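Student: Before I ask anything, here is the structure I am working with.
The values are calculated or read from the model by the stated rules, or taken from the named source; none is laboratory data. A quick note: this is a predicted structure, and the numbers were derived from the prediction, not measured. Positions of Cβ are backbone-derived with ideal geometry, glycine not excepted, and every protein chain shown enters the neighbour counts.
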Amino acid sequence: MRLENTAFDDVKLIHSEVYPDARGSFAEHYSLSSFHDLGIDTEFVHDSWSFSAKAGTVRGLHFQVPPKAQDKLVRVTRGRVFDVIVDLRRRSENFGKHISLELDAEAIMAVFIPAGFAHGFCSLTDDVEITYKMSDEFSPDHYQGIRWNDPALKIEWPVDDGSAIVSDKDSNLPIMENFASPF
């Protein structure tokens, strides 16, 4: 595995080595010892899967607050997404700023997102599948979000408000200005 830095020091891209042969390919997505060798000491305890049927589906921006905050390892296993990560750490020089990445199944890579960041994405293709590894169990009492289209975040989404496919829950999340960060 190979680590690639992003504009946020703590957010990392993890590239898996792919072993092709006549049958197809094989790649290791996660191993505790390999991640420790990369300097990521997170132990993941919960896996989730997401399916978005149509291009233009927006999910996020989601996170859990302490004491159930989660590190996440996000991987696209089918299709392609515009992925967004927002820094929610009050003492960070990047507080309220975001980075965006394009993730796709063919790249065989994942993004590591530590606690203190919100995460969301927009599907760029139909039939997108994403897997998540998380460092803590899902907790509805600690699950929160920031509205995906908050103008203060200045995210240049590949869809506009009128054509995005968004859940009612995500459409009604608070904007950043009304969020008191516990991070």
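Student: Just a yes or no: is a residue in the stretch 98-113 modelled with pLDDT of 95 or more and among the charged types (D, E, K, R)?
Tutor: Checking the stretch 98-113: at least one residue is modelled with pLDDT of 95 or more and among the charged types (D, E, K, R).
Student: Given the condition among the charged types (D, E, K, R), more than 17 Å from the chain's Cα centre (by Cα) and assigned to a helix (DSSP H, G or I), answer yes or no: does some residue in the stretch 11-33 qualify?
Tutor: No; the residues of the stretch 11-33 include none that is among the charged types (D, E, K, R), more than 17 Å from the chain's Cα centre (by Cα) and assigned to a helix (DSSP H, G or I).
Student: Another question, then. Could you pull out the residue among E106, E4 that is within 30 Å of I165 (Cα to Cα), of a type in the set (D, E) and surrounded by fewer than 20 Cβ atoms within 10 Å (Cβ to Cβ)?
Tutor: Numbers: E4 fails: within 30 Å of I165 (Cα to Cα).
Just a single option satisfies the conditions, and that option is E106.
Student: Right, here's the next one. I want to confirm something. Restricting to the stretch 7-19 and keeping residues that are of a type in the set (A, V, I, L, M, F, W, C) and more than 18 Å from A118 (Cα to Cα), which single residue is surrounded by the most Cβ atoms within 10 Å (Cβ to Cβ)?
Tutor: Looking at the filtered set, the residue picked out is I14.
Student: Restricting attention to the stretch 147-183, which residues are surrounded by 11 or more Cβ atoms within 10 Å (Cβ to Cβ), over 20 Å from S100 (Cα atoms) and at pLDDT below 95?
Tutor: Result: F179, single match.
Student: Moving on to the next point. Tell me, please, whether a residue that is in contact with a strand residue (DSSP E or B) (Cβ under 8 Å, 6 or more places away or on another chain), in a strand (DSSP E or B), over 18 Å from A69 (Cβ atoms) and not basic (K, R) can be found in the stretch 154-170.
Tutor: Scanning the stretch 154-170, I find at least one residue that is in contact with a strand residue (DSSP E or B) (Cβ under 8 Å, 6 or more places away or on another chain), in a strand (DSSP E or B), over 18 Å from A69 (Cβ atoms) and not basic (K, R), so the answer is yes.
Student: If the requirement is being of a type in the set (G, A, S) and under 30 Å from R147 (Cβ atoms), which of these qualifies: S34, S16, S50, S25? Before you say what the answer is, go through the steps one by one.
Tutor: Details: S34 fails: under 30 Å from R147 (Cβ atoms); S16 fails: under 30 Å from R147 (Cβ atoms); S25 fails: under 30 Å from R147 (Cβ atoms).
The conditions single out S50.
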